[in-house]
Amino acid sequence: MAANLAQRRAAKALRRKAAVRAKRQVELRGQGEVASWGDGESWAEPVPTYKASAALIDFAEPLLDDDDDHHARYNSLMLAMLAWNLSLLDPGKRKENMRSILEAVPELLGEGDGEVLYQFENLITELISRKLMLYPFDRRCLVNFELRETSDGWRVNVASTLAKAA
């Protein structure tokens, strides 16, 4: 009886893995071209065809408000860019980098409040989860961005590079 249950669970896990693999192949099909690092080494993940600026704005949407002034919007996008780049790291390096960032936060804010630190850590963690959910295959590292006010709102230009897997 136990062997039967184990076999059914193993078969179910294999079906689930096959479904996830098939879904990923469908998502990747036609999204971009195979890229190379320039040193002859290449990888099979396609380069996304959508703009990094559109992805950053979509990803940062929970942080952005139409009533934000330029400074608040810039800070929100900077925080989103930080979380995006942290999401590209493997979990071990991500925790290490988060720890060093969290150590610097009180110095930057000029506060020793643990509640602010806790909220900041939770916000970054939620943004990383959001990035991994919305853009799981986007391996671009966001290097810089420019925020410009226009007559009909605001525009964001993003500079990015492909992140080599660690």
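The values are calculated or read from the model by the stated rules, or taken from the named source; none is laboratory data. Note that this is a predicted model, so its numbers are computed, not measured. Note: ideal-geometry Cβ built from the backbone for every residue, glycine included; neighbour counts use all protein chains shown.
Kindly list, by first and then second residue, each pair from a residue in the stretch 150-161 that is among the basic types (Lys, Arg) to a residue that is surrounded by 15 or more Cβ atoms within 10 Å (Cβ to Cβ) and modelled with pLDDT of 90 or more, limited to pairs with Cβ atoms under 9 Å and residues at least 6 apart or on different chains.
155/53; 155/147
Scanning for something aliphatic (A, V, I, L, M), loosely packed, with under 11 Cβ neighbours inside 10 Å and either modelled with pLDDT under 75 or under 27 Å from residue 157 (Cα atoms) (or both), does the stretch 25-32 turn up at least one residue?
First pass over the stretch 25-32, keeping only residues aliphatic (A, V, I, L, M): 26, 28.
Imposing the further condition that a residue be loosely packed, with under 11 Cβ neighbours inside 10 Å reduces the set to 26.
In the following step, the residues that additionally are either modelled with pLDDT under 75 or under 27 Å from residue 157 (Cα atoms) (or both) were identified as 26.
Yes.
Kindly check whether there is at least one residue in the stretch 70-78 that is without any contact (Cβ under 8 Å) to a residue 12 or more places away in the chain, hydrophobic (A, V, I, L, M, F, W, C) and more than 27 Å from residue 137 (Cβ to Cβ).
Among the residues of the stretch 70-78, at least one is without any contact (Cβ under 8 Å) to a residue 12 or more places away in the chain, hydrophobic (A, V, I, L, M, F, W, C) and more than 27 Å from residue 137 (Cβ to Cβ), which makes the answer yes.
Report, by residue number, each residue of the stretch 76-103 that is at pLDDT below 90 and over 19 Å from residue 132 (Cβ atoms).
Scanning the stretch 76-103 gives 99, 100, 102, 103.
Go through the residues of the stretch 79-99 one by one and say whether even a single one is among the charged types (D, E, K, R), in contact (Cβ under 8 Å) with a residue 60 or more places away in the chain and crowded, with 18+ Cβ neighbours inside 10 Å. Don't jump to the end; show me each part of the working.
Pass one, the stretch 79-99, residues among the charged types (D, E, K, R): 90, 93-96, 99.
Those still in the list that are in contact (Cβ under 8 Å) with a residue 60 or more places away in the chain too: 90, 93.
Still in the list and also crowded, with 18+ Cβ neighbours inside 10 Å: none.
No, every residue in the stretch 79-99 fails to be among the charged types (D, E, K, R), in contact (Cβ under 8 Å) with a residue 60 or more places away in the chain and crowded, with 18+ Cβ neighbours inside 10 Å.
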